[in-house]
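The structure appears below as structure tokens.
No value in this document is a laboratory result; all are computed from the given coordinates. If you're wondering where the values come from, they're calculated on a predicted model, not measured in any experiment. Every residue, glycine among them, receives a Cβ derived from its backbone with ideal geometry; neighbour counts consider all protein chains shown.
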Amino acid sequence: MGNLRILLVALVSLVALNQDLVHANFYTDTVFTWGSQNSAIWGNGNNLALMLDKVSGSGIQTSREFLFGSIEMQIKLVPGNSAGTVTAYYMSSTGSKHDEIDFEFLGNLSGQPYIIHTNVFTQGVGNREQQFYPWFDPTSDFHSYTIHWNPSQIVWFVDGLPIRVYRNYERYGIPFPNKQAMRAYSSLWNADDWATRGGLIKIDWSNAPFIARYRQLRLRACAWTGPNSISQCAQTTPANWWTSPVYSELNDMQKGQLNWVRQNFMIYDYCKDTKRFNGQFHPECSLLQF
Ligand SMILES: *[C@@H]1O[C@H](CO)[C@@H](O)[C@H](O)[C@H]1NC(C)=O
């Protein structure tokens with residue numbers, strides 16, 4: 001009887017999670033943070049376009065806050081000459097000691113590769129960049145970008161392939177984003193002071209408006225209901241699927257995929273930039289990365 005009840009509770013919460021957020025909707029589950037005049041939502045809320053012109057960019061955030069789970073969307077990046085534009089897609093809490101998990105897509109001249117830029121902030125401290133070239137043209141079709149995080153690790157996925165892991169090394173005194181509620185955000189903006197080759201290449205406004213397209217927003221994550229969520233979202237239960245041991249570490253196949261990405265497409269790693277850190281690397285750099 002007890003087991004049956006646990007199972008029922010788990011099923012009911014799974015169903016609740018499903019209906020609310022799995023097939024999330026840009027109308028009901030996100031709000032504009034700026035530039036709503038430069039955006040469009042259609043197809044019953046399944047499709048979103050963000051636009052950047054000389055006057056403004058635009059951006060959205062999820063209405064709800066989360067702690068752990070998986071946030072996914074398919075994005076088709078600004079095509080053609082997108083140099084100087086940045087499409088950002090990230091999770092963030094608020095305040096000066098905020099946590100943040102980033103994907104940023106740095107545009108480029110026609111035919112030149114985008115850069116997939118990643119970073120993680122814990123307790124307000126970032127400087128943990130890793131950058132990759134995509135192994136496909138991210139502007140010719142939609143590709144899925146997923147931020148998965150649980151009490152053991154954060155994983156950045158592109159089309160289901162892990163490209164980066166940030167492990168929980170709190171036991172060595174390294175902060176991990178596991179106590180602050182985060183929203184998911186996406187925005188398209190002008191970053192031509194730094195984005196393309198360090199700001200050398202400016203936006204060519206004759207190509208405006210620049211448009212990034214989104215679909216299939218999936219928020220399979222623990223909805224934050226207050227400070228009690230810190231323990232509730234981390235509890236190992238069937239409904240908290242992200243706490244299952246299979247997600248606490250990449251499996252062997254995923255480690256192979258991540259190695260393939262690192263060996264062939266990684267162009268920057270903060271753990272290898274001796275010049276910048278002058279030998280004072282972040283402590284996680286000397287520990288197992290994934
Ligand atoms: C743009 O293309 C150039 C030349 O291939 C490359 O060096 C650079 O990393 C690319 N990406 C950005 C964002 O500058």
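Work out the length of the dipole vector of segment 88-218 about its Cα centre, built from +1 on the beta-carbon of each Lys and Arg and -1 on the beta-carbon of each Asp and Glu, and round it to the nearest 20 debye. Before the final figure, lay out the partial values.
Values: 12 positive and 12 negative charges, 88 e Å.
Computed charge dipole of segment 88-218: roughly 420 debye.
May I ask you to derive the FRET efficiency for D159 and E249 from their Cβ-Cβ distance with R0 = 22 Å, giving the value to the nearest 0.05?
Numbers: r = 21 Å, r/R0 = 0.94.
The pair D159/E249 has a calculated efficiency of 0.60.
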Charge-dipole axis of the chain as Lys and Arg at +1 and Asp and Glu at -1 on Cβ define it, positive-most pick from M182, S244, W34: S244
Residues of type aspartates and glutamates that K202 reaches as a straight line, Cα spacing below 16 Å, ignoring anything fewer than 8 places off in the same chain: D53, D192, D193
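Please report, in debye to the nearest 20, how large the charge dipole of the chain is about its Cα centre when each Lys and Arg carries +1 at its beta carbon and each Asp and Glu carries -1 there.
Value, rounded to 20: 300 debye.
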Pair Q235, F136: separation of 7 Å Cα→Cβ label points (nm): 3.9 nm
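Evaluate E = 1/(1 + (r/R0)^6) for S144 and V22, where r is the Cβ-Cβ distance and R0 equals 25 Å; express this FRET efficiency to the nearest 0.05.
The calculated FRET efficiency here is 0.95.
Gain in length, Q280 to R197, computed as 0.36 nm per residue apart minus the alpha-carbon separation, to one decimal in nm? Working shown, then result.
Details: separation 83, 0.36 × 83 = 29.88 nm, distance 2.55 nm.
Length difference between fully extended and current span is 27.3 nm.
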Cα lying deepest toward the dipole's positive end in the chain, options F265, I154, A234, charges on Cβ: A234
Karplus (6.51, -1.76, 1.60) ³J(HN,Hα), θ = phi - 60°, over segment 219-228, in Hz, Gly and Pro reported as x: 10, 8, 9, 7, 6, 6, 10, x, x, 5
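Restricting to Cα pairs below 8 Å that are 6+ residues apart, what does the relative contact order work out to for segment 2-286? Please round to a whole percent. Walk me through the numbers before you get to the answer.
On the way: 629 pairs, mean separation 75.0, N = 285.
Dividing the mean separation by the residue count of segment 2-286 yields 26 percent.
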Reachable aspartates and glutamates, given that their alpha-carbon falls under 17 Å from the alpha-carbon of K275 and they are not under 8 places away in the same chain: E129
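Only counting other Cβ atoms within 10 Å, I'd like H98, H148 sorted with the fewest neighbours first. Mind dumping the intermediate values first?
Details: H98 17, H148 21.
Ordered by Cβ neighbours within 10 Å, fewest first: H98, H148.
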Sorted by Cβ density within 10 Å, fewest first, the residues M253, M266, M182: M253, M266, M182
Amide hydrogen neighbours beyond the local backbone of T33, cut-off 5 Å, H modeled: G59, I60, Q61
Point-to-point label distance, I267-S110, nm (Cα→Cβ direction, 7 Å offset): 2.0 nm
Per-residue HN-Hα couplings for segment 192-206 [Karplus 6.51, -1.76, 1.60; θ = phi - 60°; Hz; x = Gly/Pro]: 6, 7, 8, 5, 8, 6, x, x, 5, 9, 8, 5, 9, 5, 5
Extension gain from N207 to L287, taking 0.36 nm per residue of separation minus the Cα-Cα distance: 24.3 nm
Anchor K97: lysines whose Cα lies under 18 Å away (excluding residues fewer than 8 positions away in-chain): K179
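List the chymotrypsin sites (Phe, Trp or Tyr not before Pro) in segment 164-257 that DSSP assigns to loop (not H, G, I, E or B) and whose Cβ has at most 13 other Cβ atoms within 10 Å. Which are they? Could the numbers behind the result be given before it?
Details: sites: Y166, Y169, Y172, Y185, W189, W194, W205, F210, Y214, W224, W241, W242, Y247; in loops: Y169, W194, W224.
Sparse-neighbourhood loop chymotrypsin sites (Phe, Trp or Tyr not before Pro): W194.
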